[in-house]
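None of the figures in this text is laboratory data; all of them are computed from the coordinates on show. The structure displayed is predicted, hence computed values, not measured ones. Positions of Cβ are generated from backbone atoms using ideal geometry, with glycine treated the same way; all protein chains shown enter the neighbour counts.
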Amino acid sequence: MDTLHIASRTFSSRLLVGTGKYKDFQQTREAIDASGAQIVTVAIRRTNIGQNAGEPSLLDFLPPEEFTYLPNTAGCYSAEEAIRTLRLARELLDGHNLVKLEVLGDPNTLYPNVVETVKAAEILVKDGFDVMVYTSDDPIIAKQLEEIGCCAVMPLASLIGSGMGILNPWNLQIIIENAKVPVLVDAGVGTASDAAIAMELGCAGILMNTAIAGAQNPVLMASAMKKAVEAGREAYLAGRMAKKLYSASPSSPTSGLITGK
Amino acid sequence: MIQLTINGKTREFSQTQLTVADLVTQLGLTGKRLAIECNGEIVPRSTFGEVQLHTGDKLEIVGAVGGG
């Protein structure tokens, strides 16, 4: 069976999904079920104190026993903030050490600050974390993050939440060809065809949130994404036909036509 | 009296002695899945009952929320 290996863990689904921006927890759960995702990202935030002690939490709808949680460092702009956040996450999730590192550089573009990302990755890997790292589509940085010991490299397809799709397939391909760890596209996917194209390029998986949560019908889009990731993966494994520029090749027999001579 | 900064806000507690476990109870967070940092250091859940808080301590109390 074709499975995704990240650090010492094995997954049958290659679609990883975020849990933000849904209408409510019920819709979050339904979309994640439709996506077939086994890994779900969560953010770490200050607990509301003195407000509604009985109010439901995300964990009630997505029990950690059922899913692999991937705590992220969304909103962190320095290595130090990201490291503190993930140490809190590890404590919160009883020692769970698989994390998504992202260090942002700018609040408008949410473009990664790769200098701080590299710094944080070095410390986190030494501290025993299995680091899946969000980065730009710079092949040199991607390779450096792998060499530091990150267990997966996750370049953007386009800006977080933009739905612009894959803007630089060539860079993604260079990253994939050079990598010995799984390369996952993280951010920028807008619709199912984007996901299929990323998988056809040879990505090991895709992480997305807004493409599903921001669709008119998130649960239906989650199902579409599941199929697109599977279809793209199978097409990649199957090996596409060679492109023949300016030269057609008929699919039907050229002999035996009723007008034949 | 003990004065603490919790999640960026100053709070006062009338006790003279306060452990992290006492604080969790007092804030109505018992049974919630959370992680606590005191002055930049993680406080392991297993030590909540032993760690004494002091005036001026800065605490971060966090949980998991939806995110991408």
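Relative to the dominant Cα principal axis of chain A, helix A:169-178 is inclined by about 80°.
Here the stretch B:2-63 is treated with +1 on each Lys and Arg Cβ and -1 on each Asp and Glu Cβ, and its dipole about the Cα centre works out to around 240 debye.
Rounded to the nearest 0.05, what FRET efficiency do B:ASN7 and A:LEU159 give with R0 = 30 Å and r taken as the Cβ-Cβ distance? Could you check? Once the sixth-power term is evaluated, E becomes 0.50. Scanning residues 5 or more positions from A:THR41 or on other chains, those with amide H under 5 Å from its amide H are A:VAL17, A:GLY18, A:THR19, A:LEU70, with H placed 1.01 Å from N in the peptide plane.
Helix A:139-148 and the longest principal axis of the C-alpha atoms of chain A enclose an angle of approximately 50°. Lys/Arg Cβ at +1, Asp/Glu Cβ at -1, dipole of chain A taken about the Cα centre: which of A:PRO155, A:GLY128, A:ASN48 is farthest positive-ward? Checked the options; the winner is A:PRO155.
Projecting the Cα positions of A:HIS5, A:SER255, A:THR109 onto the charge dipole of chain A (unit charges on Cβ atoms of Lys, Arg, Asp and Glu, taken about the Cα centre) puts A:SER255 furthest along the positive direction. Taking a point 7 Å out from the Cα of A:ASN171 in the direction of its Cβ, the residues of the stretch A:74-114 whose backbone N falls within less than 18 Å of it are A:102-114. Using only Cα atoms, find the angle between the long axis of helix A:79-92 and the longest principal axis of chain A, and express it within 0 to 90 degrees, rounded to the nearest 10. Rounded to the nearest ten degrees, it is 80. Partner aspartates and glutamates whose Cα lies under 20 Å from the Cα of A:LYS244, excluding those fewer than 8 positions away in the same chain, are identified as A:GLU200. Here B:ASN39 and A:ASP33 are evaluated by their C-beta separation; at R0 = 30 Å the FRET efficiency comes out at 0.15. The tail of the calculated P(r) for chain A, taken as Cα-Cα distances beyond 22 Å, holds 56 percent of the pairs. Distance from the alpha carbon centroid of the stretch A:1-52 to that of the stretch B:2-68 works out to 27 angstrom. Here the extension length gained between A:THR191 and A:ASP94 equals 31.4 nm, from 0.36 nm per residue of separation less the Cα-Cα distance. The mean number of partner chain beta-carbon atoms within 10 angstrom of a residue's beta-carbon across peptide A:63-73 is 1. Between the stretch A:184-202 and the stretch A:205-234, the alpha-carbon centres lie 9 Å apart.
Using Cβ point charges alone (K and R +1, D and E -1), the dipole size of the protein assembly as shown about the Cα centre works out to roughly 900 debye. For the stretch B:2-63, build the charge dipole from Cβ charges (+1 Lys, Arg; -1 Asp, Glu) around the Cα centre, then report which of B:LEU53, B:GLY8, B:CYS38 sits farthest towards its positive end. Of the listed residues, the answer is B:GLY8.
In terms of distances greater than 30 angstrom between alpha carbons, the cross-link table entries A:LYS21/B:LYS32; A:LYS21/A:LYS243; A:LYS226/B:LYS32; A:LYS21/A:LYS143; A:LYS126/B:LYS9; A:LYS23/A:LYS226 yield A:LYS21/A:LYS243; A:LYS226/B:LYS32; A:LYS21/A:LYS143; A:LYS126/B:LYS9.
For the segment B:20-28, counting C-beta atoms of other chains within 10 Å of every residue's C-beta and taking the mean gives 1.
Taking packing as the residue-averaged number of other Cβ atoms within 10 angstrom, the listed peptides A:219-231, A:157-169 run from highest to lowest as A:219-231, A:157-169.
Look at the stretch B:54-66: the mean tally of other chain Cβ atoms within 10 Å of its residues' Cβ atoms is 6. One compactness figure for the stretch A:133-193 is 1.05, namely its Cα radius of gyration divided by 2.2 N^0.38 Å.
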